[in-house]
Amino acid sequence: MSRAEVCVVACAEAWRGDGEILAAPMGLIPALGARLARLTFAPELLLTDGESLLVTADGTVEGWLPYRRHLALAMGGRRHVMMGAAQLDRHGNQNISRIGDARRPLRQLLGVRGAPVNTLNHTVSYWIPQHSPRVLVERVDMVCGVGHDRGRAVDLRRVVTDLAVLDFATPDRTMRVRSLHPGVTAERVRAATGFPLDVPDGIPETRLPTEDELRLIHEVLDPAGLREREVAR
């Protein structure tokens, strides 16, 4: 069992209990997680091919999802997206647009895209493949996805990194550690975070994959082992 497989299961868990909604994973590990959830504890979860078709976990077409219907699900709160982040702060404000000052940025990234609409209209989680102070920052250089300090109705569910699972279940809705991946200490996570991080006493270990989940990951979802390229062992 690898760290990447623990991360796949942690991403899958983000959709537990969501019911019949549209899962919108961005990136390989979140996509494997969504498909694993569909094959195991969330059979009602809706998956797409990234365009206009509803598909099963193995890619079999099971329906048509025209753009207007996709937008209706998103605007109506019937979607849960797992996005990435170049920067993410303690409140959950996300940056995927630029690094540095707006007048002279050091790096131009994806742009704002749909991040504000996602965070203001439906549930959002984040996947961070490399937990570091460069990503988990005190203040983002530009707000793309809206955090809890800027949007009262924002629903940020989970942040999964290569070190831990985090959420916002604190009185002021700031980030805290929910679980630590096997072999990771609280001190290591604190050192890799660019702001003071709440680590409750007695923090549990992230759930390990079951034998059936490992079989599905190895034989059905990712037999080529591409997941190992995204998460360092």
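Return the Rg/Rh value of the stretch 46-144, two decimal places, where both radii are evaluated on C-alpha atoms and Rh is the Kirkwood radius.
Working: Rg = 15.8 Å, Rh = 15.1 Å.
A ratio of 1.05.
So the label point goes 7 Å from the Cα of T210 along Cα→C-beta, right? Which residues of the stretch 42-69 then have their backbone N under 16 Å from it?
Zone members listed by number: 42-44.
Any number yet on Rg/Rh for the stretch 34-90, C-alpha, Kirkwood? Numbers along the way, then the final one.
Numbers: Rg = 13.1 Å, Rh = 12.8 Å.
The Rg/Rh ratio comes out at 1.03.
Which loop-located trypsin sites (Lys or Arg not before Pro) does the stretch 83-115 contain, where loop means any DSSP state but H, G, I, E or B and the Cβ has at most 15 other Cβ atoms within 10 Å? Write out the running numbers ahead of the final one.
On the way: sites: R90, R98, R103, R107, R113; in loops: R90, R103, R113.
Qualifying residues, ordered by number: R103, R113.
For the chain, what does the helix formula give at 222 nm: sum of -39500 (n - 2.57) over DSSP H segments with n ≥ 4, over the residue count, nearest 500 deg cm²/dmol? If you can, show how the numbers build up before the last one.
Details: 7 runs with 54 residues, N = 233.
After summing the helix terms and dividing by the residues of the chain, the value is -6000 deg cm²/dmol.
How big is D for the stretch 169-210, in µm² s⁻¹ as a whole number, if Stokes-Einstein is applied with the Kirkwood radius of its Cα pairs at 25 °C and 0.890 mPa s? Each step should come with its number before you reach the end.
Details: Rh = 11.2 Å.
Taking Rh from Cα pairs, D becomes 218 µm²/s.
Of all beta bridges DSSP finds with both residues in the chain, what is the antiparallel percent, to the nearest 5? Please report the intermediate quantities before stating the final value.
Values: 16 of 32 bridges.
Around 50 percent of the beta bridges assigned by DSSP in the chain are antiparallel ones.
For V220 paired with E62, estimate the spin-label separation in nm (one decimal), with each label point 7 Å from Cα along the Cα-to-Cβ line.
With each label point 7 Å from Cα toward Cβ, the separation is 1.1 nm.
Give the residue list of GluC sites (Glu not before Pro) in the stretch 40-75 that are DSSP loop and have at most 11 other beta-carbon atoms within 10 angstrom. Display every interim value, and only then the final one.
Working: sites: E44, E51, E62; in loops: E44, E51.
Here the sparse-neighbourhood loop sites are E44, E51.
State log₁₀ I(q)/I(0) for the chain at q = 0.10, 0.15, 0.18 Å⁻¹ as given by the Debye formula over alpha-carbon point scatterers of equal weight, solvent excluded.
After summing over all Cα pairs, the log10 values are -0.44, -1.03, -1.43.
Can you give me the C-alpha center-to-center distance between the stretch 133-174 and the stretch 35-70, rounded to a whole angstrom?
27 Å
If you place +1 on the Cβ of every Lys and Arg, -1 on the Cβ of every Asp and Glu, and leave all else neutral, what size is the dipole of the chain about its Cα centre, to the nearest 20 Debye? Can you show the working numbers first?
On the way: 30 positive and 29 negative charges, 195 e Å.
It comes to approximately 940 debye.
Could you work out what % of the accessible surface of the chain is carbon and sulfur, using a 1.4 angstrom probe and leaving DNA, RNA and ligands out of the count?
Working: 5750 of 11330 Å².
Answer for the chain: carbon and sulfur cover 51 percent of the accessible area.
Can you tell me the dipole magnitude for the stretch 122-233 around its Cα centre, using point charges on the Cβ only (Lys, Arg +1; Asp, Glu -1), in Debye to the nearest 20?
Working: 16 positive and 18 negative charges, 69 e Å.
In total the dipole reaches around 320 debye.
The values are calculated or read from the model by the stated rules, or taken from the named source; none is laboratory data. Keep in mind that this is a model prediction, so the values were computed, not measured. Positions of Cβ are generated from backbone atoms using ideal geometry, with glycine treated the same way; all protein chains shown enter the neighbour counts. Each accessible area value is taken on the protein alone, full model and side chains, heavy atoms only, with ligands, DNA and RNA left out. Shrake-Rupley method; radii C 1.70, N 1.55, O 1.52, S 1.80 Å.
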